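*Asks:* I'd like to ask you about the structure that follows.
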Amino acid sequence: MGMAATQRTQKEMKDKVTQQLKTEKDPMVRLRLACLQRGSSGIKGLGRCFKIMDDDGNRSLDFKEFKKGIHDYGVSAEMSNEEIQAAFDKCDKDGSGTLDFDEFLIQLRPPMSKARRALIEQAFKKLDKSGDGVVTVEDLKGVYNVKKHPKYLNGEWTEDQCLRQFLDTFDSQDKDGKITGDEFVNYYAGVSASVDSDVYFDLMMRQAWKLTT
């Protein structure tokens, strides 16, 4: 997706999310909206915040860690302590007092139709030329055209620098130049939340990634 289109989509989503937050009561949905206020990669960013906190690598969170992660990520202003507790309890289905944060992030994603999910997966598969489940700068060469990028045109950036910046669009914190399938889906789940029409979302994805029918 071009940079101008990405920025336009981000603004549209932020405006829509801000309006929804004014009336939404469900604590889990409020947390989702609070993340999406930070952009399409907001949900993935919260996941990275939790991952940094996971010192023992068990990929689970108790409530204290969950609450700290939400505060550290800066979305707690939209939620009371009671709402944070309610969101945790809603995800802690077995009452164990801990959450698997991979499963939590899946629940946090905005709901998508199978058709939208299939388009996102098709786009990622096209990008992942090596088929290893990770998109890198090398994968993007020949798929994403940088020749109209202003910094490429004026000689300030090389093709690799433009491609790396494009990858960073889908990233949020560590900017490691690698995008996994889950990260790509989390990003486009955020984009999807700002697009009401399935027809428009289909058109947007097909034009952005030149997908076949």
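The values are calculated or read from the model by the stated rules, or taken from the named source; none is laboratory data. If you're wondering where the values come from, they're calculated on a predicted model, not measured in any experiment. Note that we place each Cβ from the backbone using ideal geometry, even for glycine, and neighbour counts take in every protein chain shown.
*Asks:* Within the bounds of the range 189-203, is there any residue that is touching a strand residue (DSSP E or B) at 6+ places or on another chain (Cβ under 6 Å) and surrounded by fewer than 20 Cβ atoms within 10 Å (Cβ to Cβ)?
*Replies:* Residues of the range 189-203 touching a strand residue (DSSP E or B) at 6+ places or on another chain (Cβ under 6 Å): none.
Checked the range 189-203: no residue is touching a strand residue (DSSP E or B) at 6+ places or on another chain (Cβ under 6 Å) and surrounded by fewer than 20 Cβ atoms within 10 Å (Cβ to Cβ).
*Asks:* Return the residues of the range 183-213 that are within 18 Å of Pro110 (Cβ to Cβ) and at pLDDT below 85; say none if nothing qualifies.
*Replies:* Those that are within 18 Å of Pro110 (Cβ to Cβ) and at pLDDT below 85: Glu183, Asn186, Tyr187, Gly190, Val191, Ala193, Ser194, Val195, Asp196.
*Asks:* Just give me the residues in the range 119-138 being over 20 Å from the mean Cα position of the chain (by Cα) and part of a helix (DSSP H, G or I), in sequence order.
*Replies:* The answer is Glu138, and nothing else.
*Asks:* Going by the conditions given, is Asp89 farther than 30 Å from Tyr200 by Cβ, free of Cβ contacts under 8 Å to residues at least 12 places away in the same chain, charged (D, E, K, R) and not in a helix (DSSP H, G or I)? Outline the logic, then answer.
*Replies:* Numbers: farther than 30 Å from Tyr200 by Cβ: yes; free of Cβ contacts under 8 Å to residues at least 12 places away in the same chain: yes; charged (D, E, K, R): yes; not in a helix (DSSP H, G or I): no.
Here the answer is no, as Asp89 does not meet what is asked.
*Asks:* Ok, one more. Determine, yes or no, whether Asp56 is under 19 Å from the mean Cα position of the chain (by Cα) and among the acidic types (Asp, Glu).
*Replies:* On the way: under 19 Å from the mean Cα position of the chain (by Cα): no; among the acidic types (Asp, Glu): yes.
No, not satisfied.
*Asks:* As an exercise: evaluate Val137 against (1) assigned by TED's automatic domain parsing to the domain that holds Phe88; (2) over 30 Å from Lys64 (Cβ atoms) and give the number of the one condition it does not meet.
*Replies:* The one condition Val137 does not meet is (1).
*Asks:* For the range 168-182, what are the residues that are surrounded by 22 or more Cβ atoms within 10 Å (Cβ to Cβ) and modelled with pLDDT of 80 or more?
*Replies:* Residue satisfying the conditions is Ile179 alone.
*Asks:* Moving on. So if I check each of Asp55, Asp26, which one is surrounded by fewer than 18 Cβ atoms within 10 Å (Cβ to Cβ), at pLDDT below 80 and charged (D, E, K, R)? Break it down stepwise before answering.
*Replies:* Details: Asp26 fails: at pLDDT below 80.
Matching residue, one of Asp55, Asp26: Asp55.
*Asks:* Name the single residue that is surrounded by the fewest Cβ atoms within 10 Å (Cβ to Cβ) among those in the range 111-138 being of a type in the set (Ser, Thr, Tyr) and closer than 28 Å to Leu36 by Cα. Before you say what the answer is, go through the steps one by one.
*Replies:* Restricting attention to the range 111-138, the residues satisfying the condition of being of a type in the set (Ser, Thr, Tyr) are 113, 130, 136.
Cutting the leftovers down to closer than 28 Å to Leu36 by Cα gives us 113, 136.
Numbers: Ser113: 11, Thr136: 19.
Selected residue: Ser113.
*Asks:* Tally time: how many residues in the range 139-165 are outside any loop (DSSP other than H, G, I, E, B) and either β-branched (Val, Ile, Thr) or loosely packed, with under 14 Cβ neighbours inside 10 Å (or both)?
*Replies:* Step one: of the range 139-165, the residues outside any loop (DSSP other than H, G, I, E, B) are 139-140, 150-153, 159-165.
Of the ones still in play, those that are also either β-branched (Val, Ile, Thr) or loosely packed, with under 14 Cβ neighbours inside 10 Å (or both) are 150-151, 153.
Number of matching residues: 3.
*Asks:* Sticking with this one: Quick one: how many residues across the range 168-211 are free of Cβ contacts under 8 Å to residues at least 60 places away in the same chain and in contact with a Leu (Cβ under 7 Å, 6 or more places away or on another chain)?
*Replies:* 2
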